[in-house]
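See structure below.
The values are calculated or read from the model by the stated rules, or taken from the named source; none is laboratory data. Bear in mind the structure is a predicted one, so any value in this text is a computation, not a measurement. Reconstructed Cβ throughout: ideal geometry from the backbone, glycine too, with neighbour counts over all protein chains shown. Accessible surface is based on the protein model in full, side chains and every heavy atom, while ligands, DNA and RNA are left aside. Shrake-Rupley method; radii C 1.70, N 1.55, O 1.52, S 1.80 Å.
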Amino acid sequence: MITLTIDSLRGQVRGDVITPDDERYDEARKVRNGMIDRHPAVIVRPVNAGDVIAAVNFAREGGLGLAIRGGGHSVPGFGTTDKGVVIDLSRMRGVRVNPERQTARAEGGATWGDYNAATNAFGLASTGGIVSTTGVGGLTLGGGIGYLARNYGLSCDNLVAADVVTAEGKFLIASEKENEDLFWAIRGGGGNFGVVTSFEFRLHPVANIYGGPIFYELKYAKDILEWYRDYIETAPREMGCFPAFQIAPPLPFIPEKRHGDTFVIMVACWAGSPDQGERALKPMHDVAPVFAEGVGAMPYPALNAAFDGLYPPGLQLYWKANFVKQLTDEAIDAHVEHGSRVPAMTSTVHIYPINGACHEVAPDATPFTYRDANFATVIAGMWPDPADNANNIRWVRDYYDATAPHSEAGGYINFMSEDDQGRIETNYKGNYKRLVDVKRKYDPSNLFHVNQNIKP
């Protein structure tokens with residue numbers, strides 16, 4: 001009976017239908033987080049919205065769990081499920097730019113690398129993530145923090161319309177004019193409401209930027225964070241910089257004898273005129289002696305891809321996150337104490353600025369409600385060896401425990417781990433009830449539950 005059902009699915013799907021007896025199965029079931037090892041009953045790789053509809057119907061009618069995989073960066077491994085259906089959108093990565101309207105439409109499996117390559121050819125960009133291998137879909141559905149957010153808002157703030165396949169297998173267009181409640185919910189409410197097969201974004205004139213990483217000795221960490229707290233409050237919106245703790249990778253501009261040492265760094269992205277870049281970054285050169293830097297003029301996609309090599313698939317991943325209104329002296333002390341002990345070259349802590357244009361959107365205009373927060377902090381534990389899991393997870397949790405009292409109760413859902421499900425309501429504050437109402441309308445049986453789940 002199951003074989004006949006799978007055969008029927010294959011007859012409806014133009015893309016791939018992969019089952020455990022397929023030689024591609026073990027590779028296809030892998031997700032980015034090496035801690036996650038799940039065995040779906042079937043993996044569908046659609047090539048169009050019709051394939052997605054068939055896969056959603058198959059899961060619903062069969063009473064099977066359903067997971068949606070866009071770019072595949074989900075830290076909790078929400079792109080897979082045991083004994084259920086995975087819709088892997090990796091064959092739907094097309095991006096089409098309309099330079100006259102200054103918009104771009106990206107398919108649900110596109111990465112920001114795909115998106116940037118298409119849009120940069122026209123000297124245009126939208127707010128994307130910090131690494132280019134991140135999926136357009138997952139980032140946008142959770143909000144979308146990135147280098148350009150202070151000037152142009154979050155990814156979700158630039159969303160114009162989306163094509164959505166609902167739990168009933170219906171194909172809907174969500175925009176300010178059609179299915180407005182659904183459009184509201186997908187701009188920060190995660191993957192709770194359907195499979196988004198395509199996103200249309202507003203574009204902005206960003207071709208080349210001036211920036212890159214600036215390394216300082218760890219002893220200046222407190223000075224850097226105190227300076228950053230004050231500087232970013234009134235910095236030009238074209239500046240998208242953030243501080244981090246980082247073990248030095250083998251980069252050509254860092255002396256070999258210092259590879260593997262821990263530094264505090266500032267990653268700068270000046271999206272104004274590159275000719276003004278050196279002057280725009282001068283405050284970062286004045287705050288403390290610069291040990292090394294990889295700064296210069298470059299195409300925006302180059303900076304967005306600069307850290308891809310640090311985050312390959314298969315690392316062990318465990319993250320924690322909070323929104324922050326004020327980077328207090330006590331919070332800075334906690335960051336210096338715990339950030340200085342970052343355990344692996346692939347682990348890091350970033351303190352992203354989310355003021356500027358992000359503050360101009362009302363807290364109830366999208367589910368991303370923390371519009372009064374100035375920072376989004378992520379403690380990104382990432383390391384290659386499972387033998388280090390216990391110690392490194394403890395580092396993340398201890399760090400989080402030390403900074404949480406100086407942070408808001410909620411955090412950015414894209415940075416959270418699976419054990420953060422209890423924070424869902426807090427993450428959305430006053431928007432949570434409205435999200436539940438939309439969930440009840442479009443997914444009353446909670447078919448889309450493999451996510452930071454909003455229960456109907």
*Mind checking which residues of the stretch 197-239 are farther than 22 Å from residue 149 by Cα, part of a strand (DSSP E or B) and among the hydrophobic types (A, V, I, L, M, F, W, C)?*
215
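Let's see how each residue does on (1) touching a Leu at 6+ places or on another chain (Cβ under 9 Å); (2) assigned to a loop (DSSP other than H, G, I, E, B); (3) of a type in the set (Gly, Ala, Ser):
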site	(1), (2), (3)
298	no, no, no
309	no, no, yes
314	no, yes, yes
321	no, no, yes
337	no, no, no
343	no, yes, no
351	yes, no, no
366	yes, yes, no
369	no, yes, no
_I need a count of the residues in the stretch 18-73 that are under 21 Å from residue 110 (Cα atoms) and polar (S, T, N, Q)._
2
*Given the conditions (1) within 29 Å of residue 385 (Cβ to Cβ); (2) touching a Leu at 6+ places or on another chain (Cβ under 9 Å); (3) buried (at least 21 other Cβ atoms within 10 Å of the Cβ); (4) of a type in the set (Gly, Ala, Ser), report the number of the one that residue 109 does not fulfil.*
(1)
*asked:* Given the criteria touching a residue at least 24 places away in the same chain (Cβ under 8 Å), touching a Leu at 6+ places or on another chain (Cβ under 6 Å), of a type in the set (Ser, Thr, Tyr) and open to solvent by less than 30 Å² (accessible area, probe 1.4 Å), does residue 127 qualify?
replied: yes
*Looking at (1) part of a loop (DSSP other than H, G, I, E, B); (2) crowded, with 16+ Cβ neighbours inside 10 Å; (3) in contact (Cβ under 8 Å) with a residue 40 or more places away in the chain, can you tell me which one residue 379 breaks?*
(1)
_Matching residues, the stretch 240-258, being assigned to a loop (DSSP other than H, G, I, E, B) and touching a strand residue (DSSP E or B) at 6+ places or on another chain (Cβ under 9 Å)_ = 240, 241, 248, 251, 253, 254, 255
*Would you check if residue 101 is in contact (Cβ under 8 Å) with a residue 24 or more places away in the chain and surrounded by fewer than 24 Cβ atoms within 10 Å (Cβ to Cβ)?*
no
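To keep it simple, each residue is scored yes or no on (1) part of a strand (DSSP E or B); (2) open to solvent by less than 10 Å² (accessible area, probe 1.4 Å); (3) not hydrophobic (A, V, I, L, M, F, W, C).
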site	(1), (2), (3)
133	no, no, yes
144	no, yes, yes
151	no, no, yes
181	no, no, yes
185	no, yes, no
*Does at least one position in the stretch 295-316 carry a residue that is open to solvent by less than 30 Å² (accessible area, probe 1.4 Å) and farther than 23 Å from residue 378 by Cα?*
yes
*Mind listing whichever residues of the stretch 409-433 are among the aliphatic types (A, V, I, L, M) and more than 15 Å from residue 397 (Cα to Cα)?*
409, 413, 424
_Among (1) surrounded by fewer than 18 Cβ atoms within 10 Å (Cβ to Cβ); (2) assigned to a helix (DSSP H, G or I); (3) more than 22 Å from the chain's Cα centre (by Cα) - the single one residue 326 does not satisfy_ = (2)
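Is it fair to say residue 270 is surrounded by 14 or more Cβ atoms within 10 Å (Cβ to Cβ), farther than 25 Å from residue 133 by Cα and either out of contact with any strand residue (DSSP E or B) (no Cβ under 7 Å at 6 or more places or on another chain) or not small (Gly, Ala, Ser) (or both)?
Numbers: surrounded by 14 or more Cβ atoms within 10 Å (Cβ to Cβ): yes; farther than 25 Å from residue 133 by Cα: no; either out of contact with any strand residue (DSSP E or B) (no Cβ under 7 Å at 6 or more places or on another chain) or not small (Gly, Ala, Ser) (or both): yes.
So residue 270 does not fit the description; no.
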_Of the conditions (1) on the phi < 0 side of the Ramachandran plot; (2) out of contact with any strand residue (DSSP E or B) (no Cβ under 9 Å at 6 or more places or on another chain); (3) surrounded by 23 or more Cβ atoms within 10 Å (Cβ to Cβ), residue 190 satisfies every one except a single condition; which number is it?_
(1)
*Which of the residues spanning the stretch 85-98 are in contact (Cβ under 8 Å) with a residue 60 or more places away in the chain, surrounded by fewer than 21 Cβ atoms within 10 Å (Cβ to Cβ) and not β-branched (Val, Ile, Thr)?*
91
*Restricting the stretch 157-179 to residues that are buried (at least 20 other Cβ atoms within 10 Å of the Cβ) and aliphatic (A, V, I, L, M), the residue that is farthest from residue 12 (Cα to Cα)*: 159
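For every residue, the table says whether it meets (1) more than 19 Å from the chain's Cα centre (by Cα); (2) surrounded by fewer than 16 Cβ atoms within 10 Å (Cβ to Cβ); (3) closer than 19 Å to residue 129 by Cα.
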position	(1), (2), (3)
349	no, no, yes
371	no, no, yes
384	yes, yes, no
387	yes, yes, no
390	yes, yes, no
394	yes, yes, no
412	no, no, yes
431	yes, no, no
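Would a scan of the stretch 210-219 turn up a residue that is buried (at least 20 other Cβ atoms within 10 Å of the Cβ), more than 16 Å from residue 349 (Cα to Cα) and among the charged types (D, E, K, R)?
Residues of the stretch 210-219 that are buried (at least 20 other Cβ atoms within 10 Å of the Cβ), as a first pass: 210-216.
Subsequent filtering for residues that are more than 16 Å from residue 349 (Cα to Cα) retains 210-212.
Checking the rest, the ones that are also among the charged types (D, E, K, R) come to none.
No, the conditions are met nowhere in the stretch 210-219.
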